[in-house]
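Quick notes on the structure that follows.
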Amino acid sequence: EPFVADEYIERLAWRTPGGGSRGGEAFDPKRLLEEFVNHIQELQLMDERIQRKVEKLEQQCQKEAKEFAKKVQELQKSNQVAFQHFQELDEHISYVATKVCHLGDQLEGVNTPRQRAVEAQKLMKYFNEFLDGELKSDVFTNSEKIKEAADIIQKLHLIAQELPFDRFSEVKSKIASKYHDLECQLIQEFTSAQRRGEISRMREVAAVLLHFKGYSHCVDVYIKQCQEGAFLRNDVFEDAAILCQRVNKQVGEVFSNPETVLAKLIQNIFEVKLQSYVKDQLEEHRKSDAEQYLKNLYDLYTRTTNLSSKLMEFNLGTDKQTFLSKLIKSIFISYLENYIEVEIGYLKSRSAMILQRYYDSKNHQKRSIGTGGIQDLKERIRQRTNLPLGPSIDTHGETFLSQEVVVNLLQETKQAFERCHRLSDPSDLPKNAFRIFSMLVEFLCTEHIDYALETGLAGIPSSDSKNANLYFLDVVHQANTIFHLFDKQFNDHLMPLISSSPKLSECLQKKKDIIEQMEVKLDMGIDRTLNCMIGQMKHILAAEQKKTDFKPEDENNVLIQYTNACVKVCGYVRKQVEKIRNSMDGKNVDTVLMELGVRFHRLIYEHLQQYSYSCMGGMLAICDVAEYRKCAKDFKIVLVLQLFDTLHALCNLLVVAPDNLKQVCSGEQLANLDKNILHSFVQLRVDYRSARLARHFS
């Protein structure tokens, strides 16, 4: 613990007799002083003693430091001497090694010719045996020395190639015969070892055969035996993958060039097993069943490429990607060359069948929409005048649009896009995808949606028809749903295939054109439907509104809040508003409702101006307009509500006292209206011709 002087003094005083209590009777200051003096002397003696000990230790430390430094210097000198000796030894070793290498080179220079001479002598001896026609050497007669015999006969065979045929024809044929016999024996030995599963023996024989011409035959035998019993299941692709995986582990232990052998095995599997399997699967349906043919082609090509991906894990040489691609191409080239023609032909017939089956289920004979100069002229006139050219067709509420048909067509096209992506050459992919898209446009947009729109337009009754059933909004609703599905497939399945090609702009333009063309017909049909709605309202008003409604005979006995015509018109309008909301989405709802609201307002405005109004009749008219305004709130369109608010304010002119006319006309809602409009409403009052009213309004 750290030394604290105050605590030390306190302890010393406490231990001294007579020094522990301050100011008490037992306190003896002299005794305490004497103790302090003695203790100080003891501390001084202790300090001197410790100081001497420190000095002694310092002297000893300095002495040892000098001795240590001296010892280090001596060691450094010894190290330098040893290093010099090491350098000398290293130089000597290098000199000796140089001499040894030189001697080795000299010995090799002497030994190599000697070995060659010995080898040549042996070969000459064996060659003489072939010249004599009798093979006596043990190497040729002993079957266990087939490896040595193979080495000798291979060398003799090379030598025999250089000899003139006229003098050595007989011996050359004998050597060749022996060469062939040994080669067959080695291959037979390799085959037997493979059947027994003796990998080491297979490796030895393969190493010997490597220098023979029949080495490739040895590889062929190995490949053939590997496949025995390998393809017993129904899934030839899975069997092939398992076989290659098993052989890949073994081939490196047997052959010195395993990648070449494995590549040859894979080539054999593709060109024999897979090619025959693919041919059997495809040729069966190629001419009789296009749908099954395309499904099989897609499935087989996909499984083949998946197998190729698995085989990419193995070492097959430098460019295995190109190697496997060529193998796949060799199998499918005859089927892929005309794939898109088969696809388009099938898609066309299948789509036509789906549509025809739908129309047959409706007992509907599809009308010819017609083309040419007269039809184009009618179309232009109809677009500019909105006149229904030709007789109206009763569709009995049928829209001739079917989500089931649309889903079937889109499903067929989706599968076609998937096959196109997989089976098309990358350079032809955008072009082929565009052709499939064109088929979709033709059958879904033109033959189904456009035909339904044309039929729907023809089914819209004229605006003066009574009790007309308006089904075109159902057509709009279904067409809107179909457009969303069509657009989703365009983005999800077509765009990835053409996004980086010039065909993108062409597809987008084609899509834009077909949508704009249909939007024109939808707008035309909606406009004519709105005209029919207004026509229906006119019929209700004409049938239900009486002149006595607004000029009752008994002014004091009017019991109704609003007229019967108003009730029926509002009921009809509310149904149509709900139908429009259910048939459309987004901004289209507000646009159509605003147009209907404006026309509804114009109808009521013109209708009110056909009658004369008494005081009580004017009150009833105000009640009617208030009900119409309440109905207009359902539109949730600000402009429509403003129009009916203004109309309600105008109706106040029918009942206001003559003295207050100017004040009402200058009110907030009527101040900005044309004076002629105000005047026209005031003229509807039965008391208008009184001099007092005319004077006040003027």
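Can you figure out the FRET efficiency of N676 with E341, using R₀ = 56 Å and their beta-carbon distance, to the nearest 0.05?
Efficiency for this residue pair is about 0.20.
Within the range 451-474, what residues put their amide N at less than 15 Å from the label point 7 Å along the Cα-to-Cβ vector of Q517?
451-455
Would you list which lysines come within 19 Å of K63, measuring only between C-alpha atoms, while excluding same-chain residues fewer than 8 positions from it?
K53, K71
Suppose each label sits 7 Å from its Cα in the direction of the beta carbon; what would the I534-S192 distance come out to in nanometres?
10.6
Between the range 451-478 and the range 63-101, how far is it from one alpha carbon centroid to the other, in angstrom?
For the range 451-478 versus the range 63-101, the Cα centre distance is 114 Å.
Which of the aspartates and glutamates could a cross-linker bridge to K579, judged by Cα under 18 Å and excluding same-chain residues fewer than eight apart?
E398, D474, D523, D527, D590, E595, D634
Round to the nearest 0.05 the FRET efficiency obtained for Y572 and E506 when R0 = 41 Å and r is the Cβ-Cβ distance.
After rounding to 0.05, the efficiency reads 0.30.
Sorted by packing (mean other beta-carbon atoms within 10 Å per residue), highest first, where do 582-591, 236-245 land?
236-245, 582-591
Calculate the FRET efficiency for Q683 and L485 from the Cβ-Cβ distance with a Förster distance of 35 Å, rounded to the nearest 0.05.
So the FRET efficiency works out to roughly 0.05.
With the crude spin-label approximation of a point 7 Å out along Cα→Cβ, what separation in nm comes out for A241 versus K326?
2.5
For the pair D47/I333, report the inter-label distance in nm, with labels modelled 7 Å from Cα in the Cβ direction.
Rounded to a tenth, the inter-label distance reads 11.1 nm.
For R685, enumerate residues with amide H under 5 Å from its amide H, sequence gap 5+ or separate chain, H modeled in the peptide plane.
Amide H to amide H, under 5 Å and 5 or more residues apart or across chains, R685 pairs with Y613.
If contacts are Cα pairs under 8 angstrom and at least 6 residues apart, what is the relative contact order of the range 550-696 in percent? Walk me through the numbers before you get to the answer.
Values: 136 pairs, mean separation 41.9, N = 147.
Relative contact order here is 29 percent.
For the range 218-283, state which trypsin sites (Lys or Arg not before Pro) are in a DSSP loop and have at most 12 other beta carbons lying within 10 Å of their beta carbon.
R233
Would you mind calculating the gained length between E595 and I40 on full extension (0.36 nm times residue separation, minus the Cα-Cα distance), in nm to one decimal? Don't jump to the answer; show the numbers that get you there.
Numbers: separation 555, 0.36 × 555 = 199.80 nm, distance 11.89 nm.
My answer for the length gained is 187.9 nm.
How big is the accessible area of L603 in square angstrom, nearest 10, if you roll a 1.4 angstrom probe over the protein chains?
The accessible area comes out at roughly 10 Å².
The values are calculated or read from the model by the stated rules, or taken from the named source; none is laboratory data. Small disclaimer: the values here were computed from a predicted structure and weren't measured. Backbone-built Cβ (ideal geometry, glycine too); neighbour counts: all protein chains shown. For the accessible areas, the whole protein counts, side chains as well, though only heavy atoms, and no ligand, DNA or RNA atoms are used. Shrake-Rupley method; radii C 1.70, N 1.55, O 1.52, S 1.80 Å.
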